[in-house]
Amino acid sequence: MTVLLTGFEPFDGQPVNASWAAVTEVGRCWSGPEALVTAQLPVSFTRAPERLRALIVEHRPTLVVAVGEAGGRGRVSIERVGINVQDARIPDEDGAQPVDVPVLPGAPTAYFSSLPIKAALLAVQDVGVPVEVSNTAGTYVCNTIAFALAHELATTGARGGFVHVPRLPEQMPTGQPSLSAELSGRALTAVIESALAHPVDVPMAAGAEH
Ligand code: PCA
């Protein structure tokens with residue numbers, strides 16, 4: 001069994017991307033028994049889904065967790081849904097800035113995550129990391145990956161979903177929300193382990209709304 005875990009390259013002039021720092025932490029601590037493949041996606045509306053598809057074809061994972069950073073959020077966010085729209089406030093790393101266009105013309109309006117989001121929420125709470133279920137991954141490249149991943153997995157037996165992590169403390173001015181790579185990595189490990197342990201979600205626990 002293979003788990004594919006992706007993070008993003010830096011974007012918008014940032015020197016690092018917190019998602020890749022967190023993914024690196026998971027890789028450093030992973031002890032199996034499943035094989036863990038980690039990979040970095042470019043912050044590009046076209047190249048990120050292409051790279052993700054190539055990774056899925058190459059590794060045939062049974063579980064895929066894609067991770068991005070969410071500036072302004074202070075909790076790990078387990079994303080419930082990916083929507084079929086691109087609406088970019090800033091250009092991506094290729095200079096593309098799609099506005100009100102579908103990720104995939106003709107594809108469904110949205111997909112729910114096939115991660116057990118409530119089981120994952122509880123698992124992350126159990127390891128002491130601030131976490132929430134989020135009902136929007138935005139409309140930038142992360143949502144495109146949340147949507148493209150679900151679309152890709154809909155035709156396979158594999159499961160997966162998207163998780164946002166806060167920026168690192170060194171990316172943020174004092175007092176702004178952030179989380180260390182160690183804590184975000186711990187949360188991602190708990191998400192993966194809960195997905196492996198729960199083929200279906202636990203029927204309980206409202207999302208921690210804020
Ligand atoms: N965050 C952006 C794209 C890449 C990333 O790490 C987003 O939330 O869409």
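Observations
- Within the shell defined by Cβ-Cβ distances under 10 Å, the residues around SER180 carry a net charge of -2, with Lys and Arg each +1 and Asp and Glu each -1.
- Residue ranking by accessible heavy-atom surface, 1.4 Å probe, largest first, among SER77, SER178 comes out as SER178, SER77.
- Highest-MSF residue in the chain out of GLY138, GLY95, GLY175 [GNM, Cα springs under 10 Å]: GLY175
- Tail beyond 28 Å, pair distance distribution of the chain (Cα, percent): 19
- Descending semi-axes in whole angstrom, ellipsoid equivalent of region 123-189, from the Cα gyration tensor: 26, 16, 9
- Within-14-Å neighbourhood charge of GLY128 [Cβ basis; K, R +1; D, E -1]: 0
- Per DSSP, loop trypsin sites (Lys or Arg not before Pro) in region 77-182 with at most 15 further Cβ within 10 Å: ARG89
- Accessible area of the chain belonging to carbon and sulfur atoms, whole % at 1.4 Å probe: 54
- Principal axis analysis of the Cα atoms in region 1-54 yields extents of 36, 24, 7 Å, listed in decreasing size.
- Of the GluC sites (Glu not before Pro) found in region 108-210, the ones in coil according to DSSP and having at most 10 other Cβ atoms within 10 Å of their Cβ are GLU209.
- At the listed q of 0.11, 0.12, 0.21 Å⁻¹, the Debye profile of region 98-210, built from one uniform point per Cα, gives log10 I(q)/I(0) equal to -0.41, -0.49, -1.24.
- Tail beyond 25 Å, pair distance distribution of region 1-111 (Cα, percent): 24
- Positive minus negative residues near VAL99 (Lys, Arg vs Asp, Glu; Cβ under 10 Å): -1
- Among the chymotrypsin sites (Phe, Trp or Tyr not before Pro) in region 27-123, those placed in a DSSP loop whose Cβ has at most 16 other Cβ atoms within 10 Å are TRP30.
- Sites ASP94 and THR156, calculated FRET efficiency, Cβ-Cβ separation with R0 30 Å, nearest 0.05: 0.60
The values are calculated or read from the model by the stated rules, or taken from the named source; none is laboratory data. Keep in mind the model is a prediction, meaning the values are calculated, not measured. Because the Cβ atoms are built from the backbone with ideal geometry, glycine has one as well, and the counts that use them run over all protein chains shown. Heavy atoms of the whole protein, side chains included, go into the accessibility calculation; ligands, DNA and RNA do not. Shrake-Rupley method; radii C 1.70, N 1.55, O 1.52, S 1.80 Å.
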